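Each remark here refers to the structure printed beneath this line.
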Amino acid sequence: MFDKILIANRGEIALRVLRACKELGILTVAVHSTADADAMHVRLADESVCIGPPAARDSYLNIPALLAACEITGADAVHPGYGFLSENARFAEILEEHNVHFIGPKPAHIRVMGDKIEAKRTAKRLGIPVVPGSEGGISSDEEALRVARDLDFPVLVKASAGGGGRGMKVAHSADELSVALSTARAEAKAAFGDDAVYLEKYLGRPRHIEIQVLGDGQGQAIHLGERDCSLQRRHQKVWEEAQSPALNTHQRGEIGETVAKAMRELQYLGVGTVEFLYEDGKFYFIEMNTRIQVEHPVTEAITNIDLILAQIRVAAGADLELTQDDVQFQGHSIECRINAEHPVTFRPSPGKIVHYHPPGGLGIRIDSAVYHGYTIPPYYDSLVGKLIVHGKTRGECLMRLKRAIDEFVVDGIDTTLPLFRTLVREKDIIDGAYHIHWLEEFLARGGMKD
């Protein structure tokens, strides 16, 4: 096992990793920007190192500063959390070159899955169903038009190196395709330094279903069920739940085993998430995230398996302790991402929290790094915390969520709590009858009023 882990992240995920390390008896190093000097993970870690000014490129994305922090503290492993450098294959390689373990997949797998065109080819080779689309990148408008006509409009233009909805545009006709291509390329170049794009068939009202996997890098891999992440705004997940109200036991077992089999063949190491669009009873691969996900707690709630602990253990070379038969699904779980944003305009709302009262009681979990008097800085994402509830049934889970939201108090800044207070009372949400466009359509028709 590792002696000391440097946590190359901030906020709630840094605190989450720190807690797992303490339960394993591993010493921790918190790194932080000057803006995060008073952060909770910095206060609780065994050691802390300031790695730069507030801008992420000068601190949390500053590889030389992170390497220096490892050398100064003697950390023998780095946990990247999610975001920042968590899916940077070169960072993983550089750590290895300096005899520091990267707690994550093999660099080759990060690289393959980080290129959406190559990821789609790999998924297809491994027997995972994919969305119909171009075989590779699109080199010209003429080629795009030929592919789009074969697929039949509407089509989706996607950046090969994309994520978070950037470099993604819908074209409903030939007239719209050229603009969609140029816009997607420009966005992709600006965001990722790579303007390669490809085309996929645009699905009308699919759900977003993702499968959690865990592998030991030696050919053993299991799945831990699915999460339904269909409630999204601008391609950003807002509400996640497990298990999906759209799937039955046979469907989840079948797609889960398909994915686990592929991960065994790939000899995948660590945790990962294979994401699908699901429509009319069919699954279509869209991407794989080679890191821990923001929404991992809902899987932990229904399996009683600590994913961060498992991730650290296999990274240290331990065998996978679990078999597929060991994974038992219990009850239902829902996670709401509470952001420091206005609940109607979604304008960011950084600032000082003057009163903070999280909910409690049976089946309630809060993953947050904020506290009374904490100031949410304007430099990073606006996540205040994640509210996770668990119940024996989905109905019980929804009632528990309703209670928890009504108990949750965050004063001094705007938050999206009122949005969830509304959503949990909506008939479509209660019935589980929603899709990836539902939330934006709900907001567009004035579902939330100022």
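The values are calculated or read from the model by the stated rules, or taken from the named source; none is laboratory data. For clarity, every value in this text was computed on a predicted model and none was experimentally measured. Methodologically, a virtual Cβ is constructed for each residue, glycine included, from the backbone with ideal geometry; neighbour enumeration extends over all protein chains shown. Just the protein is used for accessible areas: all its heavy atoms, side chains included, with ligands, DNA and RNA removed. Shrake-Rupley method; radii C 1.70, N 1.55, O 1.52, S 1.80 Å.
Out of Glu47, Glu71, I need the residue that is free of Cβ contacts under 8 Å to residues at least 60 places away in the same chain and within 15 Å of His98 (Cα to Cα). Which one? Reasoning before the result, please.
On the way: Glu47 fails: within 15 Å of His98 (Cα to Cα).
After ruling out the rest, the residue left standing is Glu71.
Could you identify the single residue in Leu181, Leu177, Leu156 that is part of a strand (DSSP E or B) and either within 22 Å of Leu277 (Cβ to Cβ) or modelled with pLDDT of 95 or more (or both)? Walk me through it before giving the result.
Details: Leu181 fails: part of a strand (DSSP E or B); Leu177 fails: part of a strand (DSSP E or B).
The match here is Leu156.
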Restricting to segment 49-88, and then to whatever is crowded, with 17+ Cβ neighbours inside 10 Å and of a type in the set (Val, Ile, Thr), can you tell me which residue is nearest to the chain's Cα centre (by Cα)? Val78
Kindly list the number of the only condition in (1) in contact (Cβ under 8 Å) with a residue 24 or more places away in the chain; (2) in contact with a Pro (Cβ under 6 Å, 6 or more places away or on another chain); (3) over 28 Å from Gly204 (Cβ atoms) that fails for Asp411. (2)
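Criterion first (part of a loop (DSSP other than H, G, I, E, B) and either under 23 Å from Thr273 (Cα atoms) or open to solvent by less than 10 Å² (accessible area, probe 1.4 Å) (or both)) does Gly127 satisfy it? Even if it seems obvious, please write down each step before you answer.
On the way: part of a loop (DSSP other than H, G, I, E, B): yes; either under 23 Å from Thr273 (Cα atoms) or open to solvent by less than 10 Å² (accessible area, probe 1.4 Å) (or both): yes.
So Gly127 fits the description; yes.
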What's the total number of residues in segment 308-351 that are in a helix (DSSP H, G or I) and either surrounded by 16 or more Cβ atoms within 10 Å (Cβ to Cβ) or touching a helix residue (DSSP H, G or I) at 6+ places or on another chain (Cβ under 6 Å) (or both)? 8
Test for Phe91: is it more than 21 Å from Ile211 (Cα to Cα), open to solvent by less than 10 Å² (accessible area, probe 1.4 Å), in contact (Cβ under 8 Å) with a residue 24 or more places away in the chain and not in a strand (DSSP E or B): yes
Residue list for segment 352-379, restricted to those being open to solvent by less than 30 Å² (accessible area, probe 1.4 Å), in contact (Cβ under 8 Å) with a residue 60 or more places away in the chain, not hydroxyl-bearing (Ser, Thr, Tyr) and not in a loop (DSSP other than H, G, I, E, B): Asp367
Any pair with Cβ under 9 angstrom, 6 or more apart, that starts in segment 417-429 at a residue that is among the aromatic types (Phe, Trp, Tyr) and ends at one that is buried (at least 19 other Cβ atoms within 10 Å of the Cβ) and assigned to a helix (DSSP H, G or I): Phe420/Leu401; Phe420/Ile405
Out of Ile286, Ile305, sole residue that is at pLDDT below 95 and either buried (at least 18 other Cβ atoms within 10 Å of the Cβ) or among the basic types (Lys, Arg) (or both): Ile286
Flagged pairs (Cβ under 7 angstrom, 6 or more apart or on separate chains; first in segment 291-307, closer than 11 Å to Gly225 by Cα; second of a type in the set (Val, Ile, Thr) and open to solvent by less than 20 Å² (accessible area, probe 1.4 Å)) are Val298/Ile334; Val298/Ile388; Thr303/Val327
Only one of Ala171, Ala159, Ala188 is of a type in the set (A, V, I, L, M), within 14 Å of Glu287 (Cα to Cα) and open to solvent by less than 30 Å² (accessible area, probe 1.4 Å); which? Ala159
Can you list residue pairs whose Cβ atoms sit under 7 Å apart, with the first residue in segment 434-445 being within 21 Å of Asp280 (Cβ to Cβ) and the second being open to solvent by 70 Å² or more (accessible area, probe 1.4 Å)? Count only pairs 6 or more apart in sequence or on different chains. His435/Arg205; His437/Arg205
Checking the structure you have, find out if any residue of segment 413-431 is over 30 Å from Ile209 (Cβ atoms) and either surrounded by fewer than 13 Cβ atoms within 10 Å (Cβ to Cβ) or not hydrophobic (A, V, I, L, M, F, W, C) (or both). yes
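Please go through segment 200-232 and give me each residue that is outside any loop (DSSP other than H, G, I, E, B) and either of a type in the set (Val, Ile, Thr) or modelled with pLDDT under 95 (or both), ordered by number.
To start, the set of residues in segment 200-232 that are outside any loop (DSSP other than H, G, I, E, B) comprises 200-201, 207-216, 221-232.
Scanning segment 200-232 gives Glu200, Lys201, Ile209, Ile211, Val213, Ile222.
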Segment 380-395 residues that are among the polar types (S, T, N, Q), paired with ones that are buried (at least 19 other Cβ atoms within 10 Å of the Cβ) (beta carbon under 8 Å, 6 or more apart): Ser382/Asn339; Ser382/Ala340; Ser382/Glu341; Ser382/Ser349; Ser382/Ile376; Thr393/His332
Wholly inside segment 390-450, helices (runs of 4 or more DSSP H) that include 1 or more residues that are farther than 21 Å from Gly361 by Cα are 417-423, 427-431, 438-444
